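> Following this message is one structure expressed as structure tokens.
Only the coordinates and a few stated rules stand behind these numbers; no lab work does. Because the structure is a prediction, the values reported are computed rather than measured.
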Amino acid sequence: MAAALSLTLGLAACAAPQGAGTGVSAAPVRVTNGGLPFANHQGAAAKRVAMETCAAQGGALRTSIYDRFEAGTWVFVEGCA
């Protein structure tokens, strides 16, 4: 168990921090439905809008288990890469 843990920690140390010269936006992407609120069940549609937003900036959407719905807005916390 300790060997697996130390291997995991060692691999984590090799990862570049978000935004470290890689063109990654650390700012979350927040999307609405054309200025109107999304409903909670419209996550797939919101993701498409977020992907288009990132593509327009020359990047790609980074999804996360922490993406969430907040009062009519879908928030993609990892932003664009």
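> Under 5 Å between amide hydrogens, which residues at least 5 positions from Asn33 or on another chain qualify, with H placed 1.01 Å from N in the peptide plane?
Sorted by chain and number, the residues that satisfy this are Phe38.
> Tell me, what ³J(HN,Hα) does each residue in region 66-81 have, in order and in whole Hz, if you take phi through Karplus 6.51 cos²θ - 1.76 cosθ + 1.60 with θ = phi - 60° and put x for Gly and Pro?
9, 4, 8, 9, 9, 6, x, 10, 8, 10, 10, 5, 7, x, 9, 10
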